[in-house]
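Read the structure below first, then the notes.
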Amino acid sequence: MTYEEAVAMYPHDAVFIQVDDLVRPMTPAEYEAFIQQQVDAVPLA
Amino acid sequence: MTVSTATTSGQVLTSAYVNNNINSGLTYITSSTVGTAVSSVVVSSCFSSTYDSYQIVVRGVAATNQDFFRLSLSGATGASYSYGSSYYAYGSAIASDTSASNNFWRPGIMGTPSSFVMDIHSPFLAARTTMQFSSSSDAYSVFGGGNNTDTTSSTGFTLTPSAGTLTGGTISVYGYRKV
């Protein structure tokens, strides 16, 4: 998946982080790390 | 302490009997309901000196991707995790997932739904932490174990999908009675 495809699939306002029962938006740095993780992901065999 | 026998109708229970049964083999500690489209879930303050071994139960989580969960401990943030597992895509030959040095374990398989059970030992102690797990989803099953060389005490953990997001289901933590 390219960077652009990851951003299109997971817009910043559509993904979240959960701490115990509190769900919050991602910071810009957290979102950037999340998008890079999608780019780097290798699908299961 | 021995396991108590079943009570009978009208029986008066002693405090020793009640205390023994309250302090059962597996004791519920905490649980979280996974939100919608989350990229990680932190479960904090679940490990303590009360127990040395714990069971983490993840049930009914819907994942956007067919991939592995990642789990890291709050006190072990470096590349101190090693693990190995065998997994099957249903109807296919066995495959392996292993690492000698990583920043997380991969203790379960994601799908819709996803579930895994993981026994984890000594996360709160200043000692190596080990774990064993089994897991299944709508498309895969996996079993394996792992080790963590970082002896820093941990009070909780973070569950993350290797790719995509998670929605719904529960994460529960239980403690194994010591004596």
Notebook entry, point to check: Since residue B:39 meets every condition but one in (1) away from every other protein chain (no Cβ under 12 Å); (2) more than 13 Å from residue B:157 (Cα to Cα); (3) surrounded by 12 or more Cβ atoms within 10 Å (Cβ to Cβ); (4) in contact (Cβ under 8 Å) with a residue 60 or more places away in the chain, which condition does it not meet?
Noted result: (1)
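Give me the residue from segment B:50-69 that is more than 29 Å from residue B:178 (Cβ to Cβ) and part of a strand (DSSP E or B) and, out of that set, nearest to the other protein chains (Cβ to nearest Cβ).
Only one residue fits best here, namely B:68.
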Notebook entry, point to check: Which condition number in (1) within 17 Å of residue B:157 (Cα to Cα); (2) without any contact (Cβ under 8 Å) to a residue 60 or more places away in the chain; (3) aromatic (Phe, Trp, Tyr) is the one that residue B:17 fails?
Noted result: (1)
Check: Identify, please: which residue in segment A:8-29 is closer than 22 Å to residue B:66 by Cα and crowded, with 16+ Cβ neighbours inside 10 Å and is, among those, farthest from the other protein chains (Cβ to nearest Cβ)?
Finding: A:10
Note to self: Looking only at segment B:78-97, filter to residues that are within 14 Å of chain A (Cβ to nearest Cβ) and without any contact (Cβ under 8 Å) to a residue 40 or more places away in the chain; which one of those is nearest to residue B:173 (Cα to Cα)?
What the structure shows: B:96
Notebook entry, point to check: Out of segment B:76-110, which residues are touching a Phe, Trp or Tyr at 6+ places or on another chain (Cβ under 9 Å), buried (at least 19 other Cβ atoms within 10 Å of the Cβ) and in a loop (DSSP other than H, G, I, E, B)?
Noted result: B:104, B:106, B:107, B:108, B:110
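Tell me yes or no: at least one residue of segment A:14-32 is at positive phi and either free of Cβ contacts under 8 Å to residues at least 40 places away in the same chain or polar (S, T, N, Q) (or both). So that I can check it myself, show each step before the final result.
The initial filter retains those residues of segment A:14-32 that are at positive phi, namely A:20.
Remaining after also requiring either free of Cβ contacts under 8 Å to residues at least 40 places away in the same chain or polar (S, T, N, Q) (or both): A:20.
Yes, that holds for at least one residue.
Could you go through segment B:44-62 and let me know if any residue there is out of contact with any Gly (no Cβ under 9 Å at 6 or more places or on another chain), surrounded by fewer than 17 Cβ atoms within 10 Å (Cβ to Cβ) and more than 17 Å from residue A:23 (Cα to Cα). Steps first, please.
Here is the first cut: in segment B:44-62, the residues out of contact with any Gly (no Cβ under 9 Å at 6 or more places or on another chain) are B:49, B:56-57.
From the residues that got through so far, the ones that are surrounded by fewer than 17 Cβ atoms within 10 Å (Cβ to Cβ) too are B:49, B:57.
If we keep only those that are more than 17 Å from residue A:23 (Cα to Cα) as well, we get B:49, B:57.
Yes.
Quick check on segment B:68-116: of everything there that is aliphatic (A, V, I, L, M) and touching a Pro at 6+ places or on another chain (Cβ under 9 Å), which residue is farthest from residue A:44 (Cα to Cα)?
Let us first name the residues in segment B:68-116 that are aliphatic (A, V, I, L, M), namely B:71, B:73, B:76, B:79, B:89, B:93-95, B:100, B:109-110.
So of that shortlist, the ones also touching a Pro at 6+ places or on another chain (Cβ under 9 Å) come out as B:71, B:73, B:76, B:110.
Numbers: B:71: 18, B:73: 24, B:76: 26, B:110: 10 Å.
Looking at residues that are aliphatic (A, V, I, L, M) and touching a Pro at 6+ places or on another chain (Cβ under 9 Å), I get B:76.
How about segment B:133-154: which of its residues are assigned to a loop (DSSP other than H, G, I, E, B) and within 12 Å of chain A (Cβ to nearest Cβ)? Break it down into steps so the answer makes sense when it comes.
Let us first name the residues in segment B:133-154 that are assigned to a loop (DSSP other than H, G, I, E, B), namely B:138-139, B:149-154.
Passing the criteria: only B:139.
Could you tell me how many of the residues in segment A:1-36 are in contact with a helix residue (DSSP H, G or I) (Cβ under 9 Å, 6 or more places away or on another chain), under 20 Å from residue B:171 (Cβ atoms) and not in a strand (DSSP E or B)?
Start the filter on segment A:1-36 by keeping residues that are in contact with a helix residue (DSSP H, G or I) (Cβ under 9 Å, 6 or more places away or on another chain), which leaves A:1-3, A:5-7, A:9-10, A:12, A:15, A:17, A:25-26, A:28, A:31, A:34-36.
Now restrict to residues that are under 20 Å from residue B:171 (Cβ atoms): A:15, A:17, A:26, A:34.
Adding the requirement that they be not in a strand (DSSP E or B) leaves A:15, A:26, A:34.
The number of residues fulfilling the criteria is 3.
Each value in this text was obtained by applying a stated rule to the coordinates, not by laboratory testing. Model, not experiment: these values are computed from the prediction. Cβ coordinates were reconstructed from backbone atoms using ideal geometry, including for glycine residues, and neighbour counts include every protein chain displayed.
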